[in-house]
Amino acid sequence: MPIPRVIPCLLLQGRKLVKTVRFKKPTYVGDPINTVRIFNEKEVDELVFLDIGATPGGKPPQAELIAEIARECFMPFAYGGGLRTIEHLQTALANGAEKIVLNSVLHENLALVREAADRFGSQSVVGSIDARAGWRGKQKVVTRCGTKKTGCNPAEFAKTLEDAGVGEILVTSIDRDGTFDGYDLDLVRSVAEAVEVPVVACGGAGVLADVKRVVAEGNADAAGAGSLFVFQNRNRSVLINYPRREKLDELF
C-alpha cells in the first residue's frame, strides 16, 4: 500500500509566510520562496498554499507569486485564497498551481465548482471545509477565515461538495489549528465516512504520531500540517522541516 500523503499546508499573508493559532494571531515564519527551496531539498511530495488575507481583503489570487512558486517548486502544489470566479481559477492554474482550493465561495456560488470541474477536471478542484465546535460541542462550518457562520454540518456539506464535483476535500479544525494538540479525529472521521473522494485532514498535528492516528483512526486519506513543519517545537522557534522518507516508511 502506498504511503499516505503528508502535506505541508502553508499560510500566506501577502508575500509573507505566516502561521496562526485557531485562525488568529498570525506569526511570521519566513519567505515562501526560500521555504519552497527547503522543501525541495527534503523531497516533499506536495504543498498547499492558502492566502488568508485574500478573501477578507477582497483581493484576487497573487498571479506573480504563484508563478514564482511554480518556477522554484519541484513538487505539485495547490493554491487557495481569493478565488471567486472562473477567471481567478484559470489564473492560478495557468501560473503553475496543480490544484485550486475553494472555501468561502462554496457558500456564495456553488455552481462555480461544477463549472471548474467541467473545465479543468475534478482532480484540480479541492473543497475546503473549516469547522468549529459551538457551545453545545457540535461542529459547524464557518467561512471567511473563521469569521462567518454558515450553520452547515461538515459531513453533510462535504457530501454536497462531492456531488457538486470536487475531487478532494480539505477539512480543518479551527479549534485545533496551531495548538499541537492533535487532529480532531471525530470531525475528520465524520467527513471521511460521508464521501468517496479523498479527504485531507488539517489542524492540530504536533508530532508524527498524530499523522499516523488521523489516517488510521480518522480514516483520512492524507494529513496536512502547518506548525509541525514550520516550527521546531511548542516554543514556536521557526525551523522548516519534514521527515525523511525512511521515517514515513516506518510510520506507516
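Please identify every one of the GluC sites (Glu not before Pro) in segment 43-134 that sits in a loop by DSSP and has no more than 11 other beta carbons within 10 Å of its own beta carbon. Don't skip to the end; give the middle numbers.
Numbers: sites: Glu43, Glu46, Glu64, Glu68, Glu72, Glu87, Glu98, Glu108, Glu115; in loops: Glu43, Glu46, Glu98.
Passing sites in segment 43-134 are Glu43.
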**Exposure proxy order (Cβ contacts within 10 Å, fewest to most) of Thr172, Thr147** = Thr147, Thr172
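Per 0.36 nm of contour for each residue apart, how much would the distance between Thr85 and Asn40 grow if the chain were fully extended, relative to their Cα-Cα spacing?
13.1 nm
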**Item:** Charge dipole (the chain, unit charges on Cβ, about Cα centre) - positive-most of Pro56, Ala111, Pro243
**Value:** Pro56
**Complete:** Note: Asp118 to Lys149 extended length (0.36 nm per residue) minus current alpha-carbon separation gives 8.2 nm
**Message:** Based only on other Cβ atoms within 10 Å, what is the fewest-to-most ordering of His88, His107?
**Reply:** His107, His88
**Asked** What lysines could a cross-link reach from Lys16, if we take a straight Cα to Cα line under 22 Å and drop same-chain neighbours fewer than 8 places away?
**Response** Lys24, Lys25, Lys42, Lys59, Lys99
**Item:** Relative contact order %, the chain, counting alpha carbon pairs below 8 Å whose residues are six or more apart
**Value:** 18 percent
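Going by C-beta contacts inside 10 Å, put Ile169, Ile33 in order with the fewest on the left.
Ile33, Ile169
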**Asked** What is the gain in length, in nm to one decimal, between Val207 and Arg244 on full extension, counting 0.36 nm per residue of separation less the C-alpha to C-alpha distance?
**Response** 11.9 nm
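Could you tell me what percent of the DSSP beta bridges with both partners in the chain are antiparallel, to the nearest 5?
Values: 14 of 44 bridges.
The antiparallel proportion sits near 30 percent.
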**Prompt:** What distance in nm separates the simple spin-label points at Arg15 and Phe74, each placed 7 Å from Cα in the Cβ direction?
**Reply:** 2.5 nm
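Bear in mind these aren't lab numbers, they're just calculated from the coordinates by the rules spelled out. All of these numbers come straight from a predicted model, not from anything done at the bench. All Cβ positions, glycine included, derive from the backbone under ideal geometry; neighbour counts span all protein chains shown.
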